[in-house]
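Just below is one structure, and these are the notes that go with it.
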Amino acid sequence: RRMVLLTRHGKQAQIGPVLEAALACTVEVNEQFDTDRLGTFTREVARAGSQLEAARHKARLAIELGDCAFGLGSEGAFFTDPVSGLLPWNRELVVLVDAERGIEVCGVAHGPAWNSHRQTGDWNELLAFAEAAGFPEQQLVLRPLECAQAGLRKGIGDREALAAAFEWALGQSASATVLAEADLRAHCSPRRQQRIAEAATDLARRLSSTCPQCSSPGFWLCERLPGLPCAWCGEPTDLAVTDTHGCVRCAYREERAAAGPTEADPAHCRLCNP
Ligand SMILES: [Zn+2]
Ligand SMILES: [Zn+2]
């Protein structure tokens, strides 16, 4: 089976080998389409629609441009973590659209991110920031602080380029202040590359799980019901007791006991730990 991945940011290095090793497929790259037209992290182009819609859109374009029934699209997003809302967080999606079966399967990975920024006019402070960011493997974006029309320099990946960009941005800025950020494009960010590979692994697992009814790939957890009984008093807790797996193609669903313990830690019980 041939799959086509739409990317200009080298994502085939993270997605291709993972899918090819797990599934009987070859992953081809289509670079015809400038994916930056759909949105950039450097704020020149805002993304229209949700993260999933963007990934799906890329997968459909891959089907069209690659003349192939299987299209892959990948999209990342940065926000704050879902638990405390305080930590920078990165979620990566890798979507397969299967035009033959008319289905879509989405791999997900998420975890802490590093997307801090620094305003400075001082070279040594910039160097310290760069080091904390993981430079030069993690590349940087520099721009003059208050002069949007001056543009920006991105993909800065060595010290010479950093020095040149610093001089340039300093000269453009009325307050002699430079805004430095991590370049979050996939080919400039080892942390994102790692997470994209994890999302591809998740996609491969989902594609390897087939529906007992229609044998479509993508038979996966779609609903979790709370009610795992407390180990002390037996009252239902908010922890999952039943996992429902569902098919992405037909209506078949299957309820299974949730993976993990059969009784809840009383710490989760409203009666034992009010
Ligand atoms: Zn099915
Ligand atoms: Zn209890």
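The values are calculated or read from the model by the stated rules, or taken from the named source; none is laboratory data. Note that the coordinates shown come from a computational prediction; the quantities given were computed from them, not determined experimentally. As a convention, Cβ positions derive from the backbone with ideal geometry for all residues, glycine included, and neighbour counts pool all protein chains shown.
For the stretch 219-256, the set of residues classified as under 25 Å from GLU104 (Cβ atoms), more than 16 Å from ligand 1 (Cβ to nearest atom) and modelled with pLDDT of 95 or more is empty. For the criterion of being surrounded by 18 or more Cβ atoms within 10 Å (Cβ to Cβ), closer than 30 Å to GLU146 by Cβ and modelled with pLDDT of 95 or more, PHE129 passes. The set of residues in the stretch 104-136 being within 29 Å of ALA62 (Cα to Cα) and in a loop (DSSP other than H, G, I, E, B) consists of ALA113 alone. For the stretch 216-274, a tally of residues being in a loop (DSSP other than H, G, I, E, B), within 16 Å of ligand 2 (Cβ to nearest atom), hydrophobic (A, V, I, L, M, F, W, C) and touching a Pro at 6+ places or on another chain (Cβ under 8 Å) returns 6. Within the option set SER216, SER209, being within 16 Å of ligand 1 (Cβ to nearest atom), touching a residue at least 60 places away in the same chain (Cβ under 8 Å), more than 30 Å from ASN115 (Cβ to Cβ) and surrounded by fewer than 21 Cβ atoms within 10 Å (Cβ to Cβ) holds for one residue only, SER216.
In the stretch 150-161, the residues that are more than 17 Å from PRO190 (Cβ to Cβ) form Cβ pairs under 6 Å with partners that are assigned to a strand (DSSP E or B), at six or more places apart or across chains, as follows: ALA150/PRO144; LEU152/VAL141; LEU152/ARG143; ARG153/LEU142. Taking every residue in the stretch 250-272 that is under 17 Å from LEU221 (Cβ atoms) and pairing it with any residue that is more than 10 Å from ligand 2 (Cβ to nearest atom) and part of a loop (DSSP other than H, G, I, E, B), at least 6 positions away or on another chain, the pairs with Cβ-Cβ distances below 6 Å are CYS250/GLN213; CYS250/CYS214; TYR252/CYS211; TYR252/GLN213. Restricting the stretch 163-194 to residues that are charged (D, E, K, R) and surrounded by fewer than 21 Cβ atoms within 10 Å (Cβ to Cβ), the residue that is farthest from ligand 2 (Cβ to nearest atom) is GLU167.
Would a scan of the stretch 183-206 turn up a residue that is out of contact with any Lys or Arg (no Cβ under 7 Å at 6 or more places or on another chain), outside the structural domain of ALA251 (by TED's automatic domain parsing), part of a helix (DSSP H, G or I) and more than 25 Å from ARG91 (Cβ to Cβ)? No: the stretch 183-206 contains no residue that is out of contact with any Lys or Arg (no Cβ under 7 Å at 6 or more places or on another chain), outside the structural domain of ALA251 (by TED's automatic domain parsing), part of a helix (DSSP H, G or I) and more than 25 Å from ARG91 (Cβ to Cβ). Which residue pairs have Cβ atoms closer than 6 Å, lie 6 or more positions apart in sequence or on different chains, and pair a first residue in the stretch 223-237 that is free of Cβ contacts under 8 Å to residues at least 12 places away in the same chain with a second residue that is in a loop (DSSP other than H, G, I, E, B)? Close Cβ pairs satisfying both conditions: PRO236/GLY227.
Remark: GLU64 falls outside the filter, which requires a residue to be acidic (Asp, Glu) and over 25 Å from THR35 (Cβ atoms).
Of all residues in the stretch 15-67, exactly one satisfies the criterion of being in a strand (DSSP E or B), of a type in the set (S, T, N, Q) and surrounded by fewer than 18 Cβ atoms within 10 Å (Cβ to Cβ), namely THR26. Right, VAL141: in the same structural domain as THR201 (by TED's automatic domain parsing) and in contact (Cβ under 8 Å) with a residue 12 or more places away in the chain or not? In short, no.
Considering GLU64, GLU31, GLU44, the condition of being in contact with a Lys or Arg (Cβ under 6 Å, 6 or more places away or on another chain), more than 25 Å from CYS247 (Cα to Cα) and of a type in the set (Asp, Glu) is satisfied by GLU31 alone.
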